[in-house]
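Below: one structure in structure tokens.
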Amino acid sequence: MSDTELKSPVDFQEIIGQNDLKIAVATLNAPKSINALSFEMVNLLLSRLAQWQTDDSVACVVLRGAGERGFCAGGDVVHLRESSIANDGVGAEFFAKEYRLDYTIHTYSKPIIVWGSGVVMGGGLGLMAGASHRIVTETTRLAMPEVTIGLFPDVGAAWFLNKMPGRVGLFMALTGVPINAADTLFVGLADHFLNNDQWDSFFDGLISLSWGDSSEHHTQISRLITQFEAQSVDRPDSIVREHFDEIQTLTSGITFEETYQNIASYSGEDEWLTRASKTLKNGCPVTVALVPVLLQKALHMSLKEVFYQDWVIAVNCLRLSHFREGVRALLVDKDKNPQYEPNNIQSVTSMHIDDHFNTQGLSKNPFADLD
């Protein structure tokens, strides 16, 4: 299947395979923005996934991104900033719908395959994390860089960051450090490695599968992917695995302040750790300090509770100034000189953190109806 000129923000296809069963394909179609998620895209995906879930002729779903640059670079934060300034409630509704979409993927009854090549960041990881078959490639570059814009690791990130080995999840959330395909496998964010040039033959293999009982579809897909994985080449070395002990040391502070100083004061020659340290120091002080609290609160939450906590924090980020300022500096004016208030980690108080968990004035839990 080739990447043709697509007109809809999400292109939907249903390819008839063996035994008259269909492979349903959703292609995010905003390649200029690396398929950044818009409100329309989220609504289209929610509606079509609901339709495919009840369609007995659909064997599995494939999610991928148009263009060569990546699967999805995250949410459309520039428009979210505009909503924040206008105080029009659109941003709160977007986050509610986006997290509902992510939850739907986590709990979907049919196999969902995500082709996570190229850039996978923020909201893109939200789409990928809950899929049953998560495929990465030699070009995959994944990150949760929200602290660079005064946001926080959302889309259920507290759920999967807490499940990573050691304190890698905390380190990733604090530093927004990019990781490669081998890293995603090591930390549990992906399941299989294939090469980009295997896409066409892999998809042809899906069409040719002799689909059996629906209860066997997950296994059939896993076997097919494993066959292609055995033929893949150029799998990178895991940077996270190489740095695992150093990550543990840097995040071993008894207090968050100690952990922050450990990372921020890194003075070695390792380029990856140097980048991580720089991003932490340049990140929004309030949302950097929010990260460990977010992860701690989520430790014993259900998935639905994690998404509700994310929604509360996201709505409060829209209300507070640091998100607007972070997006302005990085993506609107592009001066890369955000004037955060407070402007350093030492000035962040418990009141600044507590503001993000404030439910006063919020509408009812938008996820209360979810199973």
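Using the heavy atoms of the protein chains and a 1.4 angstrom probe, tell me the accessible area per residue for the chain in square angstrom. Please list the in-between numbers first.
Values: 16080 Å² over 371 residues.
Solvent-accessible surface per residue comes out at 43 Å².
Follow-up question, since we're still on this one. Looking at the square roots a ≥ b ≥ c of the eigenvalues of the Cα gyration tensor of the range 207-255, which shape do they give, rounded for a/c under 1.5, prolate if a/b is larger than b/c, or oblate?
oblate
Carbon and sulfur atoms: what percent of the 1.4 Å accessible area of the range 77-128 do they account for? Could you put the intermediate results ahead of the total?
Working: 840 of 1580 Å².
The nonpolar share, carbon plus sulfur, comes to 53 percent.
Just give me a number: lysine pairs in the range 232-371, eight or more positions apart or cross-chain, with C-alpha atoms less than 26 Å apart.
Working: 278/334; 278/336; 281/297; 281/334; 281/336; 297/364; 304/364.
Counting lysine pairs in the range 232-371 gives 7.
Based solely on C-alpha atoms, express the radius of gyration and the Dmax of the range 1-149 in angstrom.
Considering the range 1-149 through its Cα atoms, Rg and Dmax are 15.2, 53 Å.
Roll a 1.4 Å probe over the protein heavy atoms and report the accessible area of residue 8 in Å², nearest 10.
Around 40 Å² of this residue is reachable by solvent.
Taking N as the number of residues in the range 81-183, what is its alpha-carbon radius of gyration divided by 2.2 N^0.38 Å? Walk me through the numbers before you get to the answer.
Details: Rg = 14.4 Å, N = 103, 2.2 N^0.38 = 12.8 Å.
Relative to the 2.2 N^0.38 Å estimate, the range 81-183 comes out at 1.12.
The values are calculated or read from the model by the stated rules, or taken from the named source; none is laboratory data. As the structure is a computational prediction, the values presented were derived from the model and not from experiment. Just the protein is used for accessible areas: all its heavy atoms, side chains included, with ligands, DNA and RNA removed. Shrake-Rupley method; radii C 1.70, N 1.55, O 1.52, S 1.80 Å.
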